Amino acid sequence: MDDGKPTGPKAKWWSRPSAGRATHSEPEATAQVSAPEATAQVSAPDETELTAVTAELPPVPSPVPVQGGSPQPLHEPDAYSTPPYGGPGPWAPAPPVQRPMPTPAHGTPVPPAYPGPNGAAADAPAGSGSGGGYAPPPPSGHQPQPRPEDRPQPLNSLWLQYDPWNTPVQPLTHPGAPVKKKNRRGSLLAGAVLLALVAGGIGGGIGAYVERNGGITSVELPQAAKDNGDRAPDSVAGIAASALPSVVTLHVSGSGEQGTGTGFVLDQQGHILTNNHVVDPAGSSGDISITFSGGETAKATLVGKDSGYDLAVVKVTGVSGLKPLPLGNSDSVQVGDPVVAIGAPFDLQNTVTSGIISAKERPITAGGEKGDGSDVSYVDALQTDAPINPGNSGGPLVDTKARVIGINSAIRAADSGAGPEGAQAGSIGLGFAIPINQGKRVAEELINTGKATHPVIGVSLDMKYTGDGARVGEKGKDGTAAVTPGGPGAKAGIKAGDIITKVDGQRVHSGEELIVKIRAHRPGDRLELTLVRGGRERKMSLTLGSADGT
């Protein structure tokens, strides 16, 4: 609307606040300029709605020409120099026009002062700026020099100069609710406190436990008190305690050979029973050393030996306190009876193992390394699963009363008897012992005469026969008769070619088994034989003869 009068929004001047509150009042003398209320609204580039900015402008006085052409203020000078009535007068530059701007996410920024001539707003029409006024141009030919305080200054500085009471001005923008920043330092502090509490609790628990249990460097574990060492006599420990003092270890050397075996004391005279293959390396002039269970040692001499029974007797002299090991009766042994084997397997002295009698009257042959059969032994053995290994040979196999029932002599290996490095194979639970009844008789003969006798029937056997039973050969050794004239067999009526199938009712399947059964008896014992001749079975009795052993 163009009617020659300045138009613009109503302007209010800041007056002195009372009681700390900013109030607005109309000045007593103002030039009223009527204009409609104007609200400036702009749209942000992103079409975000902005708050309407309403600019309140001071009244714009109309210049009144006077004589001489110089405009004069419409009011009297103010003695207190309060704008706009006092200095600097109507020539004071008006504050720059505030232009609304898009509001960013953090609030509306304060725009810089708009430059204009003489420090005034370049495009500030009357009443169009926030807190702005209109200053008419100076008269022609009169150009006042701007003072330093009249130079363009930042908006906040202008407001501070313009405010008559120098009251701090609130910012022109309303940024909204402040964004709460995460207090990282507080979080770290809280975490540290929590960690300290947890660590303190754990440390306290550990400390209490350590205190209750005597510390971590001194641990005392519960333990049973020492007993008096007594064991039941029929327990393995009781049997071992009773038998060990009578068991010895033999170290034999001679003729470039050496070996280790076991033996046990037979009497207080110092006779010790062992295996023939244990002392055989000594020959006739070798060395035999005896070590007792307590560690004492002594030299021993050979009393006698017999390869057919694989038994030998040695003797120590000058040794007192010998404890003979009592002898049992192997005929009374039953399969399943518990037994204990004592020896020095692989030279581990005083080794004790236990097991049971697995079988009786096992016909076995051992030896044969010489190739001529002179070292072959025939044993009607006791079989046991008590572990027996090289070095156990000659040691006692005892019953639950610590009585000898057998002499450990042989084992059955899983392979040919040699390990991967040439050593003898170990036990697989198949051990064999010479019955003590046979051992007793042979030992007595060796002690008394230096040699043992063998029971014989006076016939030569065909060892190549593959049928069932023991076949009498056609000819004997060196072409002699197969049946010795005048011998036990000839007297009983045995002829060449007869096949002996039983001895005292027990089956025999080979010549070796027949020899084993015969040697299980003494010379002079009477036997009943069952034989087959021409397809017919017949029985006959004979009395065993005697032959000297080697």
Checklist entry - Are any residues in segment 459-476 out of contact with any strand residue (DSSP E or B) (no Cβ under 6 Å at 6 or more places or on another chain) and either at positive phi or open to solvent by 60 Å² or more (accessible area, probe 1.4 Å) (or both), and if so, which ones? => result 463, 464, 466, 468, 474, 475
Checklist outcome for this item: Restricting attention to segment 370-404, the residues that are of a type in the set (Val, Ile, Thr), assigned to a strand (DSSP E or B) and more than 13 Å from residue 430 (Cα to Cα) number exactly 3
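Results for (1) assigned to a loop (DSSP other than H, G, I, E, B); (2) open to solvent by less than 20 Å² (accessible area, probe 1.4 Å); (3) closer than 20 Å to residue 309 by Cβ, shown as yes or no for each residue.
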residue	(1), (2), (3)
432	no, no, yes
478	no, no, no
491	no, no, no
497	yes, no, no
513	no, no, yes
516	no, yes, yes
522	yes, no, yes
Checklist entry - Which residue out of 366, 359 is among the hydrophobic types (A, V, I, L, M, F, W, C) and modelled with pLDDT under 90? => result 366
Checklist entry - For segment 244-287, how many residues meet the condition of being open to solvent by less than 10 Å² (accessible area, probe 1.4 Å) and in contact with a helix residue (DSSP H, G or I) (Cβ under 7 Å, 6 or more places away or on another chain)? => result 6
Next on the checklist: Kindly evaluate residue 452 against the criterion of being within 30 Å of residue 267 (Cα to Cα), of a type in the set (A, V, I, L, M), open to solvent by less than 20 Å² (accessible area, probe 1.4 Å) and under 60 Å from the mean Cα position of the chain (by Cα).
Outcome noted: no
Next on the checklist: Looking at residue 169 and the list (1) modelled with pLDDT under 80; (2) out of contact with any Asp or Glu (no Cβ under 9 Å at 6 or more places or on another chain), which single condition is not satisfied?
Outcome noted: (2)
Item to check | Qualifying residue in segment 247-268 (condition: more than 23 Å from residue 397 (Cβ to Cβ) and without any contact (Cβ under 8 Å) to a residue 24 or more places away in the chain) | outcome: yes
Next on the checklist: Quick check on segment 322-343. Is at least one of its residues among the acidic types (Asp, Glu) and under 20 Å from residue 235 (Cα atoms)?
Outcome noted: yes
Checklist entry - For residue 304, all conditions in the list (1) in contact (Cβ under 8 Å) with a residue 60 or more places away in the chain; (2) under 55 Å from the mean Cα position of the chain (by Cα); (3) assigned to a strand (DSSP E or B) hold save one; what is the number of the exception? => result (2)
Next on the checklist: Going residue by residue through segment 339-361, is there one that turns out to be within 25 Å of residue 441 (Cα to Cα), in contact with a Lys or Arg (Cβ under 7 Å, 6 or more places away or on another chain) and open to solvent by 20 Å² or more (accessible area, probe 1.4 Å)?
Outcome noted: no
Checklist entry - Which residues, counting only those in segment 322-369, are assigned to a loop (DSSP other than H, G, I, E, B), touching a helix residue (DSSP H, G or I) at 6+ places or on another chain (Cβ under 9 Å) and small (Gly, Ala, Ser)? => result 328, 367
Next on the checklist: Against the definition (of a type outside the set (Ser, Thr, Tyr), without any contact (Cβ under 8 Å) to a residue 24 or more places away in the chain, under 26 Å from residue 310 (Cα atoms) and not in a helix (DSSP H, G or I)), how does residue 451 come out, yes or no?
Outcome noted: no
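The values are calculated or read from the model by the stated rules, or taken from the named source; none is laboratory data. In this text, all values refer to a predicted model and were calculated from it rather than measured experimentally. Cβ coordinates were reconstructed from backbone atoms using ideal geometry, including for glycine residues, and neighbour counts include every protein chain displayed. Just so you know, the surface numbers come from the protein's heavy atoms only, side chains and all, with ligands and any DNA or RNA stripped out. Shrake-Rupley method; radii C 1.70, N 1.55, O 1.52, S 1.80 Å.
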